[in-house]
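Step one of this worksheet: look at the structure below.
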Amino acid sequence: AAAWLVGGASSEAVLPGDGRYHTQFMGIRPSIGALRPAFSPDVFDYELAVEEQDAEGVTLTFQMDPSRYDPDPKNLPVVTIEDKPLPPKGADCSYYVDLEDEIGPFDKVTRVKIADPAGGTGWGFWYNPRAHTYSIRITQPPDFARITSPRTIAVVGSDGTAFRSHPAFNVRHPAGLYEYRIGQKGRVKLTVKCSELATGFRVNGKTGDGRETSQEVDIRRDGASVLVECLYKGASSPEGKRGRTIVKLSHFVDLSELTMELSMDKRDGYCQQARATLGDPQPAKSFVCRSALTSARIMAKFNEPGAKVSLKSASGEETVLEQGTAKVVAIPEGTTKFVLYALGDKEPIQYDVQVIRAAPCSTLSCSSSSAAKWLCFGERCTRNDRAHCCGEPALCLLAKCPKDMHLRPDAGKVTCAGSMCDAMTDIGTCCTFAPPDDDGDSDGDNGDEEGGDEDGGDDVYHGPRANCSTAAGVCDFGFKLRRDPGSLKCSRATCGFLDAVTCCQECTRAYEPGCNTNKTSRFANCPDCMRTWNPDECCEAEAAKRAKAEQAEKLLEAEQRSQSERLSYFDSLGCFPEARPTCAERMCVYDESCLYATHSEGCGAAGNDRRCRFCGFSPYLPCPVEGSCYDGQCESWSEKKAKRCKEEHGMDCSKKEQSF
């Protein structure tokens, strides 16, 4: 690396236009290589030799002496390179020279000018430009690897079908072996073009002139291989260079019914096939592997013996996995993405593989003597791993109930059967039907011993339900129908007293329109009983109904408390089951599949729990389609959304005292 060479000069700061204004650099530093001669402010011509053939570019940094200039940035010198201004960063300017434009010898001169922003002074013979120009000639030897690599490879069948290779051909990053799967016996046409700087080629040992070869190849039963060499000989390499590329041609096998299993030695960790989304019955073409070691033994099993399987890392390192044979694979720190290729068909089949250097469960303090599982889900063990590691069952707060059910009020105290709540197994434990029926219980019957509902069928009422707009008679003294009662449903075909909780709300002031103000001394709470033959007995029955209504109200309050606990739990994670902008003010959603699926783009959003996934903006997956029931905009909800939030989450939009 080059060192800074600083010229000695006065450190007095002057303004632009002053005859003493300094227009020389204090130093020039290249990111690679060294200037020749060594830098001096009074020397203006240099050479920079970049010996690294694979260097893609070099950055030139020009330093000015800040003590010579006024602190105001507009009083700094104007620096231009090839007549284009360079924006300063403090007292420095940087310029990147791209060396990838050419694969042959690089030889260019870069000129940089430092000038007084006030411009030159004088005229004619006495004109002083108040500027200096430095010239740097940059040279680099040819990139022999690219010169001696093919620029194009084409394989075409006798019927005109063009075949694709594995790996895909990349002129900037050539591979030494390209494999083509041919679906027909007979002959194919192979065309290879070397680079424009190549001086010749050789095919299977036979030398040819020019830089292009085209020949027919006979595909035998076991395939064929062709060795193509692009040659270079010139002043930069009088002894000559050559690049070797093998084109392998073989018949494809049908992989449409391919099944793939990826496993890890139990002493090293484990692999499991992921699912695209939580609850999706079809496995995705992806795997998640976890290991606490720096390397692990990974094995693939597949049902097609003709397939060739390999595991490729992001850095390009490829490990061939033979049927049922474990191979050692390096496991970097953190989370690493691999690709599992199955070759044999016209197109290679790809499986995404996510390998996590997971923390051992032993780092958790479990109530049990030993952890039930060996590894946590992520790179660090968190409280969310306790159920997985310590064998503790998950709370029902994490369960998801079907459309016509909701979480039971005490879901924060009841547990699922296992460490994860299952959509089928835990319904009976965690979910209940709502709302309760007329007899005050939740079983959907009429309170009789035989059970059954008005339909005489199962334990749940499935018949039509009336709108609350017909429930004016059930609102007690000092109450009125809720706003938009037509969007609210009673529990049965006719609205009963228990539906007062759903349909009615307390009046905010006396004589409010629609408010029940029919009050007497004896029958203030049961005015309708005054029109019956036995008002006292009627009032007692009404009191009993009110007691049941209060019980239902308490049940609703308990349900709301459960909902509050549930929200508090998700708030501690940093995200919710419905998308909110809670991850660094970006949209994210609670997605339990982040623990298993390898689509995990956006998982662990903004440093929150791993199950928090960015959504709704590029490059992440969309957010859930339906709007959130927790957006705090209850009054602006559509009728459809209000109905869904009430039925699925027990959120009654007409209750203004509720906040979601």
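The values are calculated or read from the model by the stated rules, or taken from the named source; none is laboratory data. Since this is a predicted model, take the numbers as computed values, not measurements. In this analysis, Cβ positions are derived from the backbone assuming ideal geometry, glycine residues included, and neighbour counts consider all displayed protein chains. Each accessible area value is taken on the protein alone, full model and side chains, heavy atoms only, with ligands, DNA and RNA left out. Shrake-Rupley method; radii C 1.70, N 1.55, O 1.52, S 1.80 Å.
Solvent exposure of segment 157-266, expressed per residue, is 58 Å² of accessible area, with all protein chains present and a 1.4 angstrom probe.
Checking the Cα-Cα distances for K74/K113; K206/K327; K489/K545; K548/K641; K413/K480; K193/K337 against a 27 Å cut-off, the pairs over it are K206/K327; K548/K641; K413/K480; K193/K337. The phi-based Karplus calculation (6.51 cos²θ - 1.76 cosθ + 1.60; θ = phi - 60°) puts the 3J(HN,Hα) values of segment 298-311 at 10, 9, 10, 10, 8, 8, 10, x, x, 6, 10, 10, 9, 10 Hz, whole numbers, x for Gly and Pro. In plain terms, the chain from S295 to E379 could stretch by 28.7 nm, reckoned as 0.36 nm per residue minus the Cα-Cα distance.
When the GluC sites (Glu not before Pro) in segment 154-228 are filtered for DSSP coil states and for at most 10 other beta-carbon atoms within 10 Å of their beta-carbon, the remaining sites are E196.
The figure for F252 is an accessible area of roughly 60 square angstrom, using a 1.4 Å probe on the protein chains alone. Add +1 for every Lys or Arg and -1 for every Asp or Glu among the other residues with Cβ under 12 Å from the Cβ of D265, and state the total. Its environment carries a net charge of +3.
The chymotrypsin sites (Phe, Trp or Tyr not before Pro) of segment 68-176 that meet both conditions, a loop assignment by DSSP and at most 15 other Cβ atoms within 10 Å of the site Cβ, are W123, Y127. Scan segment 58-109 for trypsin sites (Lys or Arg not before Pro) in coil per DSSP, keeping those whose Cβ has at most 11 other Cβ atoms within 10 Å, and list them by number. Listed in order of number, the matching sites amount to none. DSSP bridge analysis restricted to segment 160-270 gives an antiparallel fraction near 80%, rounded to the nearest 5.
Under the criterion of Cα pairs below 8 Å and six or more residues apart, the relative contact order for segment 80-144 equals 36 percent. Think of a 1.4 Å ball rolled over the protein heavy atoms: segment 64-126 then has 60 Å² of accessible area per residue.
For segment 67-106, the share of accessible area belonging to carbon and sulfur comes to 54 percent (1.4 Å probe, ligands and nucleic acids excluded).
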